[in-house]
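One structure below.
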Amino acid sequence: RGKIPPFYGIIGREMQILVKPLLIFIGTLSLAVGFIGIFLPIIPTTPLLLLASVCYAHSSKRFLTWLHNNRLFGKYIRDYREGKGIPLKTKIFAISLLWISIIVSAWFFVPLWWAKLILILIAAGVTYHIVQIKPSRPTSP
């Protein structure tokens, strides 16, 4: 794959001093929320990790290398870039956990009917998205 060119050529040196730490901050924040998304299926892990990757690509080669080679996060990015799907067991687990958390939240913690409806619609949308992703094939030993 080609190298992502930094966009620093279009901004002045003074702005570069501000932009680089800002991109590192946004990338790190995105990475942290993406990490939470591994455990909470209503938070999209892969798009947040991809955002972190783009931010790091424009700000820190060291952070980018760490992210892409990370034992936990690197696989999400590699699988996405290579067009691989999600293992069927992971899809089933994610959808199950999603609906359990939405139902518990709507039943016990959300008193407004329209807020419950929004939660259910979001869960339906996320479920549709997960179902549309092709299941990956198990690798042979």
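Only one of LEU97, LEU112 is open to solvent by 50 Å² or more (accessible area, probe 1.4 Å), at pLDDT 85 or above and among the aliphatic types (A, V, I, L, M); which?
Only one candidate passes the filter, namely LEU112.
What's the total number of residues in the range 84-137 that are under 14 Å from LEU40 (Cα atoms) and not aliphatic (A, V, I, L, M)?
Of the residues in that region, 8 qualify.
Looking at (1) within 18 Å of ALA124 (Cβ to Cβ); (2) in contact (Cβ under 8 Å) with a residue 24 or more places away in the chain, which one does ILE103 not meet, given that it meets all the others?
(2)
When you scan the range 100-109, how many residues do you find that are β-branched (Val, Ile, Thr) and open to solvent by less than 80 Å² (accessible area, probe 1.4 Å)?
The qualifying residues number 2.
Pull out all pairs, ordered by first then second residue, where Cβ-Cβ is under 8 Å, the residues are six or more apart or on different chains, the first lies in the range 62-81 and is under 23 Å from LYS20 (Cβ atoms), and the second is part of a loop (DSSP other than H, G, I, E, B) and open to solvent by less than 100 Å² (accessible area, probe 1.4 Å).
Sorted first by the residue in the range 62-81, then by its partner, the pairs are LEU67/PHE73.
Restricting the search to the range 25-54, which residues are closer than 16 Å to ASN69 by Cα, touching a residue at least 40 places away in the same chain (Cβ under 8 Å) and open to solvent by 60 Å² or more (accessible area, probe 1.4 Å)?
Scanning the range 25-54 gives a single hit, VAL54.
From ALA124, ALA52, grab the single residue that is at negative phi and in contact with a helix residue (DSSP H, G or I) (Cβ under 9 Å, 6 or more places away or on another chain).
Result: ALA52 is the single residue among ALA124, ALA52 that is at negative phi and in contact with a helix residue (DSSP H, G or I) (Cβ under 9 Å, 6 or more places away or on another chain).
The values are calculated or read from the model by the stated rules, or taken from the named source; none is laboratory data. Keep in mind that what you see is a predicted model, and the values were worked out from it rather than measured. Positions of Cβ are generated from backbone atoms using ideal geometry, with glycine treated the same way; all protein chains shown enter the neighbour counts. What goes into the accessible areas is simple: the full protein's heavy atoms, side chains included, and nothing from ligands, DNA or RNA. Shrake-Rupley method; radii C 1.70, N 1.55, O 1.52, S 1.80 Å.
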